[in-house]
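Structure, as structure tokens:
The values are calculated or read from the model by the stated rules, or taken from the named source; none is laboratory data. Keep in mind that what you see is a predicted model, and the values were worked out from it rather than measured. Note: ideal-geometry Cβ built from the backbone for every residue, glycine included; neighbour counts use all protein chains shown.
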Amino acid sequence: MFAALLGQRIVLVNGVLTAEAATHAAAQIMMLNAEGDGGIRLHLSCPDGDLDAALALADTVDLATVSVDAVARGTLGGPAVAPFLAAGHRLAYPHAVFRLSEPRATLDGRSEEIAAGAEAIHRQLAHLHARLAEATGQSLDRVADDMRTGRILTAPQARDYGLVHELLGPGG
């Protein structure tokens with residue numbers, strides 16, 4: 001099944017966006033990017049994800065030399081919106097739901113290590129806020145507030161917010 005999808009230049013990511021899932025998707029995108037000039041469709045249904053993994057996958061989408069379109073299926077939330085934002089064209093099915101929320105993090109170690117880890121997370125989160133603000137045209141303050149409060153958007157609301165360019169299927 002996945003080989004047939006890759007043949008159609010489709011990369012499918014489903015479930016929590018873990019480091020393993022992001023690495024697998026990034027490898028598929030890099031392979032398809034190297035194989036030809038045709039565009040890639042990144043289908044995402046990730047209700048949450050690891051911040052590092054999401055930003056790494058977004059960086060891979062940024063670096064692709066072919067066009068990468070993203071399609072939201074199901075729920076897309078937390079850091080998993082980052083690779084969606086990196087796509088040149090962002091589409092969603094009418095039933096898709098977007099959950100703008102900050103990632104949860106747990107840190108352990110000595111106090112200095114915890115402080116350094118918290119600072120790194122704050123930098124990454126600021127980067128995610130900036131990406132979201134730039135992609136949607138929303139202010140940085142609004143984006144930060146929406147993520148802090150866990151704002152939920154339907155696909156049409158996400159289109160109005162600037163997160164989605166186009167709705168697919170009925171109601172699109």
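Of all residues in the stretch 45-58, those that are among the acidic types (Asp, Glu) have Cβ atoms under 6 Å from Cβ atoms of residues that are crowded, with 22+ Cβ neighbours inside 10 Å and assigned to a helix (DSSP H, G or I), 6 or more apart or on another chain, in 48/78. Has the stretch 140-153 got at least one residue that is in contact with a His (Cβ under 7 Å, 6 or more places away or on another chain), over 17 Å from residue 77 (Cβ atoms) and in a helix (DSSP H, G or I)? Yes, some residue in the stretch 140-153 is in contact with a His (Cβ under 7 Å, 6 or more places away or on another chain), over 17 Å from residue 77 (Cβ atoms) and in a helix (DSSP H, G or I).
Quick check on the stretch 36-54: of everything there that is out of contact with any strand residue (DSSP E or B) (no Cβ under 8 Å at 6 or more places or on another chain) and under 18 Å from residue 88 (Cβ atoms), which residue is modelled with the highest pLDDT? Filtering first and then ranking leaves 38.
For the stretch 47-67, filtered to residues that are more than 17 Å from residue 124 (Cβ to Cβ) and not hydroxyl-bearing (Ser, Thr, Tyr), the residue that is surrounded by the most Cβ atoms within 10 Å (Cβ to Cβ) is 64.
Looking across the stretch 23-44, just one residue is touching a residue at least 40 places away in the same chain (Cβ under 8 Å) and part of a helix (DSSP H, G or I), and that is 25.
Only one of (1) part of a strand (DSSP E or B); (2) farther than 16 Å from residue 161 by Cβ; (3) under 10 Å from the mean Cα position of the chain (by Cα); (4) not basic (Lys, Arg) is not met by residue 76, so which one is it? Tallying (1) part of a strand (DSSP E or B); (2) farther than 16 Å from residue 161 by Cβ; (3) under 10 Å from the mean Cα position of the chain (by Cα); (4) not basic (Lys, Arg), residue 76 fails exactly one: (2).
Each row is one residue, and each column tells you yes or no for (1) over 27 Å from residue 100 (Cα atoms); (2) in contact with a Leu (Cβ under 7 Å, 6 or more places away or on another chain).
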| residue | (1), (2) |
| --- | --- |
| 9 | yes, yes |
| 12 | no, yes |
| 16 | no, no |
| 22 | no, yes |
| 25 | no, yes |
| 31 | yes, no |
| 43 | no, yes |
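The set of residues in the stretch 1-25 being surrounded by 14 or more Cβ atoms within 10 Å (Cβ to Cβ), modelled with pLDDT of 90 or more and touching a strand residue (DSSP E or B) at 6+ places or on another chain (Cβ under 9 Å) consists of 9, 10, 11, 12, 13, 16, 17, 18, 21, 22, 24, 25.
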